[in-house]
Amino acid sequence: MASASLSSQLNKAVRQQYMSLPQGNTCMVTYVWIDGTGEGLRSKTRTLYEEPKTPADVPEWNFDGSSTFQAEGSNSDMYLIPVSMFRDPFSLDPNKLVLCEVLKYNRLPAENNHRNSCKRVMDKVADSHIWFGMEQEYTLFGMDGHPFSWPKNGYPAPQGPYYCGVGANNVFGRDIVECHYKACLYAGVKICGTNAEVMPSQWEFQVGPCEGIDMADHLWIARYLLHRVCEDFGIIASLDPKPMEGNWNGAGCHTNVSTLQMREEDGLKYIEQAIEKLSTKHSEHIRAYDPHEGNDNKRRLTGRHETSSIEDFSAGVANRGSSIRIPRQVAQEMKGYFEDRRPSANCDPYCVTMAIAKTCLLSSEGKTTDQS
């Protein structure tokens, strides 16, 4: 596998010999955080001498922010604040993965720490019991920068047989997908499904339903697990929203949304009210839906390949070419949820869920009343 990393070709049997050693009464805790790009993840591990039961049992830590695009070298220490804890599928129980917020030297949130403001919004709308489900698309690449299993010269056959496909000529990288699924289940991530996507070597997994802040916490850890699993196979998972130019589908992170009122009888009217509010805030949401304020999504939201135009807001029943889709079953049952199809694959789920909650629940006739 010339296109795979050399690390992935090391003898895993030798590794397993050490991984199976007992570790006494110690616990390895891996701290995970978002770096200054707003897309990359970093991690480091320490030993605790008692298994933590909650994130509050995990001590704060620090790191060199000048090496993660988050601080100047002259004042580089950043704080890691544990906020959400998961089982570690790589080193197994009792070891933990802990998602952390990042604070600056003055203990204010780092510039790309959007969890802090998202949590404040979710606390304000707690009575609405807003549920999210996010559909994370991604593309597998070799170390040579070429889509995994694509011909070295030329292109695969046109799109058509790959979506939810079966067979060696249609499906590439299923081992990675299934290992990631099991890793998420072990960790306690609320992964609820997966499927091959329209472009060959492109896949999707779904996380949810999660209430409030849990949605973004679980998706970030699911992404971390994806990158770690791919590391073992020597393959790269790309969240680029348009990884291949031309007549190929892009990659999004469709976001399903439901409040308690939407789930109850006649909930469709509350779905329609939310869509009306979203229609007045289209440009704001486009800026919130990728890390570069819409510039990444410009390559994807073209009105082709099952996307809406980035310029216009639209909504429709069972319409995958609209900004907002109301599933056919929801229209028939007159209650349920809606799907926002605009977020890009590399979005920050804190920004996406926060924008949706603010517009749908903290605004009146499209005018946002919350400025947190």
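The values are calculated or read from the model by the stated rules, or taken from the named source; none is laboratory data. Nothing here was measured: the structure is a model prediction, and the numbers come from that model. Cβ: placed from backbone, ideal geometry, glycine included. Neighbour counts: every protein chain shown. Just so you know, the surface numbers come from the protein's heavy atoms only, side chains and all, with ligands and any DNA or RNA stripped out. Shrake-Rupley method; radii C 1.70, N 1.55, O 1.52, S 1.80 Å.
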The lone exception for residue 101 - which of (1) in the same structural domain as residue 174 (by the TED database); (2) in contact with a helix residue (DSSP H, G or I) (Cβ under 7 Å, 6 or more places away or on another chain) it fails: (1)
Candidate set from the range 167-194 (those that are of a type in the set (Gly, Ala, Ser) and touching a residue at least 12 places away in the same chain (Cβ under 8 Å)); member that is farthest from residue 221 (Cα to Cα): 173
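Just for the range 306-322: of the residues that are open to solvent by less than 50 Å² (accessible area, probe 1.4 Å) and assigned to a loop (DSSP other than H, G, I, E, B), which one is nearest to residue 283 (Cα to Cα)? Before the answer, list the steps.
Going residue by residue through the range 306-322, those that are open to solvent by less than 50 Å² (accessible area, probe 1.4 Å) are 307-310, 314, 316, 318, 321-322.
When the remaining residues are screened for being assigned to a loop (DSSP other than H, G, I, E, B), the result is 307-308, 310, 314, 318, 321-322.
Details: 307: 16, 308: 13, 310: 9, 314: 13, 318: 23, 321: 18, 322: 15 Å.
Within the range 306-322, the match that is nearest to residue 283 (Cα to Cα) is 310.
Is it the case that residue 110 is out of contact with any Pro (no Cβ under 7 Å at 6 or more places or on another chain), open to solvent by 60 Å² or more (accessible area, probe 1.4 Å) and not acidic (Asp, Glu)? Even if it seems obvious, please write down each step before you answer.
Details: out of contact with any Pro (no Cβ under 7 Å at 6 or more places or on another chain): yes; open to solvent by 60 Å² or more (accessible area, probe 1.4 Å): no; not acidic (Asp, Glu): yes.
Taking the combined requirement at face value, the residue does not satisfy it.
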Those residues of the range 7-37 which are in contact (Cβ under 8 Å) with a residue 60 or more places away in the chain and open to solvent by 100 Å² or more (accessible area, probe 1.4 Å), in sequence order: 9
Qualifying positions in the range 323-356 - of a type in the set (Lys, Arg) and open to solvent by 10 Å² or more (accessible area, probe 1.4 Å): 325, 328, 335, 341
Spans of strands (runs of 3 or more DSSP E) in the range 132-239 with at least 3 residues more than 30 Å from residue 11 (Cβ to Cβ): 191-196, 202-211
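Which of the residues spanning the range 93-117 are hydrophobic (A, V, I, L, M, F, W, C) and touching a residue at least 24 places away in the same chain (Cβ under 8 Å)? If you could, list the steps in order and put the result at the bottom.
Our first condition is that a residue be hydrophobic (A, V, I, L, M, F, W, C); within the range 93-117, this holds for 97-100, 102-103, 108, 110.
The answer is 97, 98, 99, 100, 102, 103, 110.
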Pair list, Cβ < 7 Å and 6+ apart or interchain, from the range 269-295 residues that are assigned to a loop (DSSP other than H, G, I, E, B) to residues that are among the β-branched types (Val, Ile, Thr): 281/359; 289/352; 294/286; 294/310
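Does residue 270 meet the test of being open to solvent by 10 Å² or more (accessible area, probe 1.4 Å), among the aromatic types (Phe, Trp, Tyr) and closer than 20 Å to residue 346 by Cβ?
Numbers: open to solvent by 10 Å² or more (accessible area, probe 1.4 Å): yes; among the aromatic types (Phe, Trp, Tyr): yes; closer than 20 Å to residue 346 by Cβ: no.
Answer is no for this residue.
I'd like to know if the range 75-85 contains one or more residues that are closer than 19 Å to residue 186 by Cβ and not assigned by the TED database to the domain that holds residue 347. Even if it seems obvious, please write down each step before you answer.
From the range 75-85, those closer than 19 Å to residue 186 by Cβ are 84-85; that's our starting set.
From the residues that got through so far, the ones that are not assigned by the TED database to the domain that holds residue 347 too are 84-85.
Yes, that holds for at least one residue.
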